[in-house]
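First the structure, in the form of structure tokens, and then the observations on it.
Just so it is clear, none of the values below were taken in a lab; they were calculated from the coordinates. Model, not experiment: these values are computed from the prediction. Using ideal geometry, Cβ is built from the backbone for each residue, glycine included, and neighbour counts are taken over all protein chains shown.
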Amino acid sequence: MRKVLILLATLVLAAACSTKAPDIEKKIDELLPQLTLEEKIAMVHAQSKFSSPGVPRLGIPEIWCTDGPHGIRPEVAWDQWKQAGWTNDSCTAYPALTCLSATWDTELSRLYGESIGEEALYRNKTVLLGPGVNIYRHPFGGRNFEYMGEDPYLSSKMVVPYVQGVQSNDVAVCVKHFALNNDEIHRHTVNVNLDDRTLYEIYLPAFKAAVQEGGAWTVMGAYNLYNNQHLCHNERILMDILKGEWGFDGVVISDWGGCHDTDEAVRYGLDLEYGTWTDGLTMGATNAYDNYFLAKPYLDGIKSGKYGTEELDDKVRRLLRLQFRTNLAEGRGHGRFVCPDHSAAARKIAAGGIVLLKNDSNVLPIKGARKILVVGENAVKMLTVGGGSSSLKAKYEISPLDGIKARFADAEVVFERGYSSGPAREQDGVSAKFDLSEDRTPARMVADAVAASQDADYIIVVGGLNKNKNQDCEGADRTEYGLPYGQDELIEALAATGKKLVYVNISGNAVAMPWIDKVPAVVQAWFLGSEAGSAIADVLSGDVNPSGKLPFTFPVEMSDGPIFNEEQYPGIQREGENIIDEYYSEGVFVGYRWYDTKNVKPLFAFGHGLSYTSFEYGEASVKGRKLSVSVKNSGKVAGAEVVQLYISDTEASVARPAKELKGFKKVFLQPGESAKLTFDITDEALSFFDADAHKWVLEPGEFVAHVGSASDDIRTSVKFNVK
Ligand code: BGC
């Protein structure tokens, strides 16, 4: 009998491999009854740091996960976070997702997904742990650099092609961290309190788009709590919304160490448990996989009749579906790893996301330089290392200094460190190497940089944050809005030389720039990955005309809002409990929604980004629900403009933001060339979420469509009525 079952299972699997999606459910129906209770239990929890078992006797493979989201993480030991020491796992490092979002280019997002998906496939991974789409709520957020900015519409549009690109390789994405994981400081104990309108309008849309439009096959629960329940087993978020309202048929994976309770994990949506009770994240013995909440305690619970098998079968059904979509997909390929195409993709995305924030007197692009002084540790420090789970072992990383030297080979390029961040960060056995021997005082380093500038015609400062703790790094937030390590003093001193000064800010977060009036050119470069230096040189030289736009606001000061008190951030300790309550009382007024509505001028607005050319807008007109507008490249060089559509509801029964992004298009235009663009104004673009009725509501009346080059640079507006 046993032999017959094995044969049947083999036939079923063989058939599943040769036919695709439509009959997957049938295959699962046939396969499921053949699994023993123990085999099913084994499937729903990890067997090592990043893998969970299949069913070897039936040819069901193991599931292997990898971080994510900017490159394929080096292999770590079976049961430890330390690197396994492989020598064939050095990946292509892609730009951080903040950069991808700053491209406002959905084609580049698709390219990103396809390329990183190929790398994951080559490394035999089932699930790529990314992308992350938590909303940028506060500039201190330690993981903002891994996410797609402050706007739900922009993140929704940018995440979908990434998901589709990765999954086109038969590798699943794992959209994270679902949901409301918007800061790191108390990430395991913070309970987020917010109203439903804010939840549905701001914090859910990008996840919903990833699931419904992108078709994401897995989702990662977040560490924090909502409704006093951890989000890796949260009834409202996972059962009611994700699997209920959105009809998600994939797998919910816990964040590593995010599962806390067998009962809740069984009933409230968790399908696959990772990272519990192993060293690294929580306390406990190593190799304790049998003690996972969804391991022996679950098995015992079923055997004693405490739990039925219905939930288990649902979890296993989802896991088998994942198997047929990935490891067992028909014609699954082999992927590609660290190849010229991937380097080219990384460079294109990096250059496409760099934002020209300021360019007085056309200091940029650099022309006819004889001597360039490059100052700043970020010009030489490896920035693919550090930052937490997204840390990489890159095959190569072109530093900004090397990129500048290569591009400006005719000029003399000299380097001064200017400031020091202290010991190099190491993660997974990879060190963020740069010359650590520094015995100069901060003042001496500044003086040396000023002295070195004497006969230079350009000074390029490459500074910002790095991926050290309390900078842009998982597990902790920033503690100051200003630049660290005395960089303000350095920039002030170099500005006083009166030379052509360019400040290149590397970060995934907004920073204060108190010296902004004294520095003629400022460039926002993100954590750009392997091709960082080449992409920065592309933009500084004008080989690439910058076209990135900010995916979040740079406020002048933190006190400009919208977060003013401890209740809002980082939350307040609940008496007698290990819980911190955080209140999102700013509601939907996150980022530019706040600054616009309150008329507070930011340092740099959401959507802002300059070009080496200029664009002229025609007058927008609305016919029915179609908006048309023309845009012309009125300058002398080719370039791309991101045309942004914002909607204002002038007569709403609820407080609505002054305007909200509801459309964008990136157009590449030759000098003198024009394009006519049309946008559909959908019901969705006009509606707000009515929490009492639990539905989106479109109130008839007057609306205004604003079209422009940034949220604070509207070029044409048009009123229209909805009956
Ligand atoms: C992070 C996840 C990551 C996981 C595995 C967790 O600490 O929050 O984003 O995917 O570790 O490394």
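Here are a few things to note about the model shown:
- Residue order, fewest to most beta carbons within 10 Å, for 168, 343, 390, 437: 437, 168, 343, 390
- Candidate lysines - alpha carbon under 22 Å from residue 303, same-chain residues fewer than 8 apart omitted: 40, 315
- Each residue of the range 519-529 was assigned a 3J(HN,Hα) from its phi angle through the Karplus expression (A = 6.51, B = -1.76, C = 1.60, θ = phi - 60°), giving 10, x, 10, 10, 10, 9, 10, 8, 6, 9, x Hz with x at Gly and Pro.
- For the chain, the dipole from Cβ point charges (+1 on Lys and Arg, -1 on Asp and Glu) about the Cα centre works out to 1880 debye, to the nearest 20.
- Here 158, 382 are placed in order of increasing Cβ neighbour count within 10 Å, fewest first, which gives 382, 158.
- At R0 = 51 Å, FRET efficiency that the Cβ-Cβ distance of residue 440 and residue 88 yields, to 0.05: 0.80
- 5 angstrom amide H check on residue 548, placed H, neighbours 5+ away: 354, 356
- Relative to the longest principal axis of the Cα atoms of the chain, the long axis of helix 106-122 makes an angle of roughly 50 degrees.
- Calculated from backbone phi, Karplus (6.51, -1.76, 1.60) coupling profile of the range 154-159 in Hz, x at Gly/Pro: 4, 5, 5, 5, 7, 6
- Relative to the longest principal axis of the Cα atoms of the chain, helix 2-18 runs at roughly 30 degrees.
- Adding -39500 (n - 2.57) for every DSSP H run of four residues or longer, then dividing by how many residues the chain holds, sets the calculated 222 nm ellipticity at -7000 deg cm²/dmol.
- Relative contact order of the chain, defined on C-alpha pairs under 8 angstrom at six or more residues apart (%): 14 percent
- Label point 7 Å beyond Cα of residue 362 along Cβ direction - residues of the range 668-687 with amide nitrogen under 16 Å: 671-672
- The peptide list 74-83, 143-152, 541-550, put in order of mean Cβ contacts within 10 Å with the highest first, becomes 143-152, 541-550, 74-83.
- From phi via Karplus (6.51, -1.76, 1.60), per-residue ³J(HN,Hα) for the range 133-149 in Hz, x at Gly/Pro: 10, 5, 6, 6, 9, 8, x, 7, x, x, 10, 3, 5, 8, 10, 10, x
- From the alpha carbon centroid of the range 685-723 to that of the range 235-281 is 36 Å.
- Taking every C-alpha pair closer than 8 Å and separated by at least 6 residues, the mean separation divided by the residue count of the range 610-722 gives a relative contact order of 29 percent.
- As a rough guide to protection, the peptides 468-475, 99-106, 678-685 ranked by mean Cβ packing within 10 Å, highest first, stand as 99-106, 468-475, 678-685.
- 5 angstrom amide H check on residue 696, placed H, neighbours 5+ away: 690
- Nearest-ten-degree value, helix 310-325 long axis tilted from longest Cα axis of the chain: 60 degrees
- Over the range 354-544, the hull volume per residue, using the convex hull of the C-alpha atoms, is 109 Å³.
- Neighbour-count ranking [beta-carbon atoms within 10 angstrom, fewest first] of 187, 110: 110, 187
- P(r) weight above 42 Å for the chain, C-alpha pairs, percent: 28 percent
- As a length-normalised measure over Cα pairs under 8 Å and 6 or more apart, the relative contact order of the range 135-193 settles at 39 percent.
- Each peptide in 189-198, 646-655 receives the mean, over its residues, of other Cβ atoms within 10 Å, and ordering these scores from highest gives 189-198, 646-655.
- Spin-label proximity, residue 81 to the range 390-423 - amide N less than 17 Å from point 7 Å beyond Cα toward beta carbon: 390-393
- Greater than 29 Å apart at Cα, pairs in 243/348; 27/82; 208/393; 49/296; 381/601; 358/632: 243/348; 27/82; 208/393; 381/601
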